[in-house]
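Everything on this sheet refers to the single structure shown next.
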There are 2 protein chains.
Amino acid sequence: MKTLAFYFDFISPYAYLTWTQIGALADRHQHEVEPRPVLFAALLDANGQKGPAEIPRKRAYTFRDVARTADRLGVPLAPPASHPFNPLLALRVASADLPKDRKHALVDALFQATWAKGIDVTVAANVQRVTREVGLDGGQLVEWSATPEAKERVKKTTARALDEGAFGVPTMLAEGELFWGLDSLPNLERRLEGKGPIFRGRDDPWASIAPSATRRASRD
Amino acid sequence: MKTLAFYFDFISPYAYLTWTQIGALADRHQHEVEPRPVLFAALLDANGQKGPAEIPRKRAYTFRDVARTADRLGVPLAPPASHPFNPLLALRVASADLPKDRKHALVDALFQATWAKGIDVTVAANVQRVTREVGLDGGQLVEWSATPEAKERVKKTTARALDEGAFGVPTMLAEGELFWGLDSLPNLERRLEGKGPIFRGRDDPWASIAPSATRRASRD
């Protein structure tokens, strides 16, 4: 089985929507999804950009688009307890070493809690309960999440995502190429079918396109 | 016929890809596309955000995603003469008063020139030629594009897009609601079919979600 890496942060409703679709897509093409929790805010920092929730018109639009898309896909959705929120507790818990099926159940439960049940996953007691409901030792996981090892793990996975060229979540990595966002799934699926352009290991014919105009850098 | 407004800038390859799809979508639902040229850079300025071409990892990804998507949709695509470029000449020409079929042919020709033929539309002679090829008076249009009236028209349309809540291109406006980007077309189509959530004129249940964490503002 080949690996389909799934870089995600629970803070992103698009990561949630994509999570609900990516398993079936991977199954169709004999790939195995490997969830890799990263801190979206750190990707934004490293790329010098703002997140959708930090631009008022985009924030308003994003929630509507997410509601429309969840409705279209038939995916449960409920307003989150707060947003943006600090996802580190949930990310660290999700980065624990676990057998694959357990890891998937854990990631799924935390996504569902955040985006389908309105449960505040910044609260340790909530994360413990959600984790217990999928048969894991919630107390131990939450305790482990406060260790330097857990903190370092999310940092390392985030650094790895940046090394791969990521700038947002969700980012999928398959066949050595990045696919960003829910809307990249049709292109990802074609890539797994061997269709479409292949960029890995090739010179990118677009890389040499020069700018002929630049905008004054926007200021916060 | 109801109007489906299409706010666009020739600078955006996603606006081009969406343009190649939006006519058929509108036809299927008895809507008429009304192309509205806007300056994407002004939308970015007003919203305090960067464009994809201004974030190196995103720029590299965007060109690949566009190539994959064009291939998937069967849409012709060629690297542009330069990018980003100053789109004002083409936008102003496209904002001229013309009968609907002529306007569509003009917008289509300028999109094709930019994204399918690698023609530099910042050059007046090129814009004249492209315009002539669709049976319009290229010389007159290019001359008019330098008038205060032409400049004011693109400014006004851009201000209108901002008033409507736009923050990027392409943005479609139908049934009083905004749809942003190529990936919004399935949701737009459902909206025209009367499916999915309706936000127009309703209280938005997500509008009151409060942040519980904020990221330090990123600096350029």
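The values are calculated or read from the model by the stated rules, or taken from the named source; none is laboratory data. Note that the structure is a prediction, hence the values are computed from the model and not measured. A quick note on method: Cβ atoms are made from the backbone with ideal geometry, for glycine too, and the neighbour counts reach across all protein chains shown. Surface areas here come from the heavy atoms of the whole protein model, side chains and all, with no ligands, DNA or RNA. Shrake-Rupley method; radii C 1.70, N 1.55, O 1.52, S 1.80 Å.
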Test item: B:47-59 mean partner chain Cβ contacts at 10 Å
6
Span-rule helices in chain B, defined as complete DSSP H runs reaching 20 Å or more along the axis (Cα) with Kyte mean at least -1.0:
B:13-28, B:100-116
Quick one: buried accessible area between A and B, total over both chains, 1.4 angstrom probe, nearest 100 Å²?
6000
With every protein chain present, what accessible area does B:His104 have (1.4 Å probe, heavy atoms only), rounded to the nearest 10 Å²?
50
DSSP-assigned coil residues among trypsin sites (Lys or Arg not before Pro) in the stretch B:50-93, each with at most 12 further Cβ atoms within 10 Å:
none
For B:Ala5, distant residues with modelled amide H under 5 Å away
B:Glu34, B:Leu173
In range of the label at B:Glu143: residues from the stretch B:108-128 whose backbone nitrogen is under 17 Å from the point 7 Å along Cα→Cβ:
B:124-128
Heavy-atom accessible surface, probe 1.4 Å, ligands and DNA/RNA ignored: which residues of the stretch B:146-167 lose at least 50 Å² versus the isolated chain?
B:Phe167
The protein assembly as shown accessible area per residue, 1.4 Å probe, protein heavy atoms, integer Å², reads 43
Could you identify which residue out of A:Phe199, A:Phe179, A:Phe40 has the top mean-square fluctuation in a GNM of chain A using Cα springs shorter than 10 Å?
A:Phe199
Kindly provide the Kirkwood hydrodynamic radius of the stretch A:13-124 in Å, to one decimal, from all pairs of distinct alpha carbon atoms.
15.2
Please state the equivalent ellipsoid semi-axes for the protein assembly as shown: what are the square roots of 5 times the Cα gyration tensor eigenvalues, largest first, in whole Å?
41, 23, 20
Share, in percent, of DSSP beta bridges within the protein assembly as shown that are antiparallel, nearest 5
50
Links exceeding 27 Å between C-alpha atoms in this model, out of B:Lys103/B:Lys155; B:Lys58/B:Lys103; A:Lys155/B:Lys50; A:Lys2/A:Lys50, come to B:Lys58/B:Lys103; A:Lys2/A:Lys50
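Quick check of the Kirkwood formula: for the stretch A:48-201, what is the inverse mean of 1/r over all pairs of different Cα atoms, in Å?
One decimal place: 17.4 Å for the Kirkwood radius.
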Tell me the net charge near B:Phe85. Cut-off is 12 Å between Cβ atoms, B:Phe85 excluded, with +1 for each Lys or Arg and -1 for each Asp or Glu.
-1
